[in-house]
Amino acid sequence: MRGPFLATLLTLACIARGEDLNGIWKGTLTQGAGGCYPQYFLELQINFTGDQLTGKAYDYYDKSHFVKMSFTGRYNSTTHRMVLIEKEILQVDIPGECEACIKTYDLNYSKNGGEEELTGDWKGVYSAKRLVCPPGQIRLKRATQSDFPVDIEQSDTLIALQKTLHLQPRVDSLVNTVTLHSADVKIELYDDGVIDGDSVTVFINNKLLLYHRMLTDRPLTIHFNAFPNTEYELVMYADNLGTIPPNTALLMVTSGSEKYKAFMSSSEQTSATIRFVYKP
């Protein structure tokens, strides 16, 4: 029985990998009569953990005219179906005669050879009038590049806090560029050497993730899903220099079974940076 059992495990593993929805999906969104345009482009930036889906949606006529939304949802691996619900308008740049539509997506995942698709329907309501939008259909394929900046997920508290920050500009000092081979990324920051009161503020892709946190022998941890062929830049901004200048940290990165480490040093003139690129 060992052979069939192992074959079953391998089959299940392939299915699981094939249905890792994390990443960039691009294609078209149609809208029925009465909409601003009969067809738009659509990009979904999906973070996939367990059966939970979060991310950002861009529907756009061209790259200069778009609506950016955040969404949440769930995926059923048995039926290969997902439902996504847009929850907040983050940015709008569309003609004055058009109005943003807050949408619910009902999509099915399929894979044919090496090509993966999300197809289905959408419905929604206009953001201001709360009237029903003319519904339509969606067809997306997995993509290797985004047409828009890729966001890192932030808590509502950090989003609000970042809007109030007025940090002094400093020169970024690149420590290294690391190639990752797993989408699952965990970053840990420790004080490098003597614990002397070093405090840091940390950004990834200009998104605030840690604010005024003291470096100790216990890690400050950041966990995120990386998108393929997307560059992530971590900036460590020194809030102070501790009692033993400069502000130094040991950075540990775990990506799947791989581990990396780097030594970061920031001052009142420079901020240590490190870049990550996920290559499947």
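The values are calculated or read from the model by the stated rules, or taken from the named source; none is laboratory data. Every value quoted in this text rests on a predicted model; they were computed, and no experiment measured them. FYI the Cβ positions are ideal-geometry reconstructions off the backbone, even for glycines, and counts take in every protein chain you see.
Details
- From Cys98, Cys133, residue being surrounded by 13 or more Cβ atoms within 10 Å (Cβ to Cβ), in contact with a Phe, Trp or Tyr (Cβ under 7 Å, 6 or more places away or on another chain), outside the structural domain of Pro228 (by TED's automatic domain parsing) and at pLDDT below 95: Cys133
- Val125, sole failed condition from (1) surrounded by 12 or more Cβ atoms within 10 Å (Cβ to Cβ); (2) closer than 30 Å to Arg275 by Cβ; (3) modelled with pLDDT under 95: (2)
- Test: residue in region 212-224 that is closer than 30 Å to Asp62 by Cβ, in contact with a Phe, Trp or Tyr (Cβ under 7 Å, 6 or more places away or on another chain) and either surrounded by 14 or more Cβ atoms within 10 Å (Cβ to Cβ) or not assigned by TED's automatic domain parsing to the domain that holds Leu118 (or both): no
- Some residue of region 182-198 being over 28 Å from Gln269 (Cα atoms), in contact with a Ser or Thr (Cβ under 7 Å, 6 or more places away or on another chain) and not acidic (Asp, Glu): yes
- Within the set Glu153, Glu188, the sole residue that is in a strand (DSSP E or B), in contact (Cβ under 8 Å) with a residue 24 or more places away in the chain and either in contact with a Gly (Cβ under 9 Å, 6 or more places away or on another chain) or outside the structural domain of Leu21 (by TED's automatic domain parsing) (or both) turns out to be Glu188.
- Among the criteria (1) surrounded by 17 or more Cβ atoms within 10 Å (Cβ to Cβ); (2) modelled with pLDDT under 95; (3) among the basic types (Lys, Arg), the one Lys103 does not fulfil is (2).
- Only one entry in Val185, Val277, Val200, Val253 is surrounded by fewer than 19 Cβ atoms within 10 Å (Cβ to Cβ) and aliphatic (A, V, I, L, M), namely Val277.
- Answer from Thr216, Thr201, Thr221 - the residue that is touching a strand residue (DSSP E or B) at 6+ places or on another chain (Cβ under 9 Å), in a loop (DSSP other than H, G, I, E, B) and free of Cβ contacts under 8 Å to residues at least 40 places away in the same chain: Thr216
- Taken over region 45-66, the residue count meeting the criterion of being in contact (Cβ under 8 Å) with a residue 60 or more places away in the chain and among the polar types (S, T, N, Q) is 4.
- Within region 157-176, residues that are surrounded by fewer than 10 Cβ atoms within 10 Å (Cβ to Cβ) sit with their Cβ atoms under 8 Å from residues that are among the β-branched types (Val, Ile, Thr), at 6+ positions apart or across chains, in these pairs: Val171/Thr270.
- The residue of region 191-205 that is farthest from Leu167 (Cα to Cα), among those that are more than 24 Å from the chain's Cα centre (by Cα) and not hydrophobic (A, V, I, L, M, F, W, C), is Gly193.
- Output for region 81-95, where each listed residue is under 22 Å from the mean Cα position of the chain (by Cα) and either surrounded by 14 or more Cβ atoms within 10 Å (Cβ to Cβ) or under 23 Å from Lys63 (Cβ atoms) (or both): Arg81, Met82, Val83, Leu84, Ile85, Glu86, Glu88, Ile89, Leu90, Gln91, Val92, Asp93
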